[in-house]
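Below: the structure, in structure tokens.
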Amino acid sequence: MAMSRRQRARAFRGGQYGVLILAIVLLAVFADWGTIRDAFFNLDAASTQFPEILSTALVNTIIYTALGFALGLGLGLILALMKLSSVGPYRWLATIYIEFFRGIPALLVFIALGYGVPLAFGIRFDIYSTAAIALGLVGSAYIAETLRAGIQAVPPGQIEAARSLGMSQTRTTVTVVIPQAFRIILPPLTNELILLTKDSSLIYLLGLVRDEYELAKFGREGLNATGSLTPILLAGLCYLIITVPLGYLSRYLERRTGRKVDEGLKVTA
Amino acid sequence: MSDVIIEVSGLHKAFGKLEVLKGIDMSVRRGEVVCIIGPSGSGKSTLLRCVNLLEEPNSGAVRVNGFEMTDPDVDIDKARRTIGMVFQSFNLFGHLSVLDNLTIAQRKVLKRDPAEATAIARENLRRVGLEEKANSMPSQLSGGQQQRAAIARALSMQPAVMLFDEPTSALDPELVGDVLGVMRQLANEGMTMLVVTHEMQFAREVADKVLFMDGGVVVEEGPPAQVIGEPRHERTQTFLHRVLNPVHVID
Ligand SMILES: Nc1ncnc2c1ncn2[C@@H]1O[C@H](COP(=O)(O)OP(=O)(O)OP(=O)(O)O)[C@@H](O)[C@H]1O
Ligand SMILES: [Mg+2]
């Protein structure tokens, strides 16, 4: 009894739904709902978190991420230009840097900066600088690769037009290439901002006092103080307050610039 | 200043092993319109791009408007200001409005103040019949309008010579006339022009001199009536036969 292709596809999809329903049923039957409710939805524990979770932790997470992203963007642009340079040593340096910071866990970068730098150099920056440097180092490696791809996606005809109008190479890069690359990379760059927001949860490794807590640290302290998981749930929700709108922004930009870029390429290709 | 605006001598250019230009000698005098015709792959674009050094020649000399383009110490950006270039694919800056496309190099390269740059840009938009498109984005224009805007952009630098690389090849047939009209008007105003084209009618009517290229050499050159009207070389005859009777391409 051979099945047609359509029958096979239907049977396969039916099987998938079956597995999903089974998983939900098992979860509902075996999970201890009472305990889960007490642990995650404890209103008393929740009330102890406000307003600091918003006024301190959420704000700090945003500040750390913004500083780190700004530094990462600047550093990433320099690295991307180095990687595209005709000067060999620039390219090698950028490649080594990118491979290094992209290849090691962000956790190690934070530990190195939090403990290693004060040990090795006897200096200690304030927490905002250190956090910005750590996030910037981690972010710049990814951002550099995104920028490089964006710069290379600018049609060569645009560069030739600029050069034949008498613009120098630097002038062409600043006036024509970077603005156009920026439109292409805006969506992936937003994604990198989301990743960096989550990486900011590692800042606790730098050693924070209460005013410096970001969301993850704040949530864990709440867990210790209340013995309830509710603060963790709240911290998670606060991350979503930042990342979900960014995700929508990214998709919106993708739709908008995607169309523009297509038109641009059609025109210039 | 010499009367010869472009002088090319002994020009060789290879891409890797592929020899594309095998010793080109040619010149364009002030106010002259020179058209280059020839089959696909014969090196016409490469020759044009060697003139403003978008391609670096392997050997030979290129002199444009007093600049030794092939001299390693030449200020290439300064030289290029005097050489307008129009591309087959227009290459308007996609992130800038039409007006900004025309003013950006005036401001950043020639350091003109914005008011002067805008005035010159508007004047050139008027020349190509696009005054009302000043604030449009390039993507909102038809191909013919984009190409006329690209011509106006080059003209805004007030170049001594204009290079055109098949400016109408990417256009729908009904838009070709507008662009050729603008070029014809430029020629009438005395602009020095070097034009790679497949538009034989245009070459015949507007050119002072026609060059036929094939296989990386100039096979034949002379007034259009001779090169297009009564070609001497067999290769020129075959090419023209194909171009002028496209229906009989198969024979
Ligand atoms: N950047 C490049 N790298 C390698 N080969 C190239 C490059 N540019 C051109 N060529 C080759 O050089 C030869 C001449 O190209 P060119 O564009 O000058 O021809 P053309 O006469 O302008 O042809 P067409 O009428 O199709 O535009 C072709 O074989 C082409 O493939
Ligand atoms: Mg060509």
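The values are calculated or read from the model by the stated rules, or taken from the named source; none is laboratory data. These numbers were taken from a predicted model, which means no experiment stands behind them. So basically every Cβ, Gly included, is an ideal-geometry build from the backbone, and we count neighbours across all protein chains shown.
Looking across segment B:20-58, the residues that are out of contact with any helix residue (DSSP H, G or I) (no Cβ under 9 Å at 6 or more places or on another chain), more than 14 Å from residue B:193 (Cβ to Cβ) and more than 9 Å from ligand 1 (Cβ to nearest atom) come down to B:22, B:23, B:25, B:50, B:58. Among residues of segment B:161-185 that are more than 13 Å from chain A (Cβ to nearest Cβ), those with a Cβ under 6 angstrom from a residue that is more than 16 Å from ligand 1 (Cβ to nearest atom) and assigned to a loop (DSSP other than H, G, I, E, B), sequence gap 6+ or separate chain, pair up as B:182/B:128.
Looking at A:175, A:190, which one is more than 14 Å from chain B (Cβ to nearest Cβ) and of a type in the set (S, T, N, Q)?
So the residue among A:175, A:190 that is more than 14 Å from chain B (Cβ to nearest Cβ) and of a type in the set (S, T, N, Q) is A:190.
Considering segment B:148-174, the residues that are on the phi < 0 side of the Ramachandran plot and within 16 Å of ligand 1 (Cβ to nearest atom) include one that is surrounded by the fewest Cβ atoms within 10 Å (Cβ to Cβ), namely B:169.
Pick from segment B:25-60 the residues that are more than 18 Å from residue B:80 (Cα to Cα), surrounded by fewer than 20 Cβ atoms within 10 Å (Cβ to Cβ) and within 16 Å of ligand 2 (Cβ to nearest atom): which of them is farthest from the other protein chains (Cβ to nearest Cβ)? Filtering first and then ranking leaves B:39. When you look at residue B:177, is it out of contact with any Lys or Arg (no Cβ under 9 Å at 6 or more places or on another chain), within 19 Å of residue B:93 (Cα to Cα) and either surrounded by fewer than 23 Cβ atoms within 10 Å (Cβ to Cβ) or among the hydroxyl-bearing types (Ser, Thr, Tyr) (or both), yes or no? Here the answer is no, as residue B:177 does not meet what is asked. Using the structure shown, decide if residue B:112 is of a type in the set (Lys, Arg), within 22 Å of the chain's Cα centre (by Cα) and surrounded by fewer than 24 Cβ atoms within 10 Å (Cβ to Cβ). Here the answer is no, as residue B:112 does not meet what is asked. If you filter segment B:89-138 down to residues that are part of a helix (DSSP H, G or I) and β-branched (Val, Ile, Thr), you find that the one that is nearest to the other protein chains (Cβ to nearest Cβ) is B:104. Within segment A:21-64, the residues that satisfy the criterion of being under 30 Å from residue A:133 (Cβ atoms) and aliphatic (A, V, I, L, M) are A:53, A:54, A:57, A:58, A:59, A:62, A:63.
For beta carbons closer than 6 Å, sequence separation of 6+ or different chains, a first residue in segment A:97-109 that is touching a residue at least 40 places away in the same chain (Cβ under 8 Å) and a second that is of a type in the set (D, E, K, R), the qualifying pairs are A:106/A:199. Residue check: is residue A:90 hydroxyl-bearing (Ser, Thr, Tyr) and closer than 25 Å to residue A:190 by Cα? Considered against the rule, which asks whether it is hydroxyl-bearing (Ser, Thr, Tyr) and closer than 25 Å to residue A:190 by Cα, residue A:90 comes out as no.
Inspect segment B:61-84 for any residue being away from ligand 1 (no atom under 16 Å from the Cβ), in a strand (DSSP E or B), within 14 Å of another protein chain (Cβ to nearest Cβ) and within 21 Å of residue A:172 (Cα to Cα) and give the result as yes or no. Yes, there is a match, as at least one residue in segment B:61-84 is away from ligand 1 (no atom under 16 Å from the Cβ), in a strand (DSSP E or B), within 14 Å of another protein chain (Cβ to nearest Cβ) and within 21 Å of residue A:172 (Cα to Cα). When segment B:85-95 is filtered for residues that are more than 16 Å from ligand 1 (Cβ to nearest atom) and modelled with pLDDT of 95 or more, the ones remaining, listed by number, are B:92, B:93.
Residue check: residue A:160 meets all listed conditions (1) under 26 Å from residue B:153 (Cβ atoms); (2) of a type in the set (Asp, Glu); (3) more than 10 Å from chain B (Cβ to nearest Cβ) but one, namely (3).
Among the helices (runs of 4 or more DSSP H) confined to segment A:1-112, the ones with at least 1 residues that are buried (at least 16 other Cβ atoms within 10 Å of the Cβ) are located at A:33-40, A:43-49, A:59-83, A:88-103, A:106-111. In the set (1) under 19 Å from residue B:33 (Cα atoms); (2) surrounded by fewer than 21 Cβ atoms within 10 Å (Cβ to Cβ); (3) within 16 Å of ligand 2 (Cβ to nearest atom), the condition left unmet by residue B:185 is number (3).
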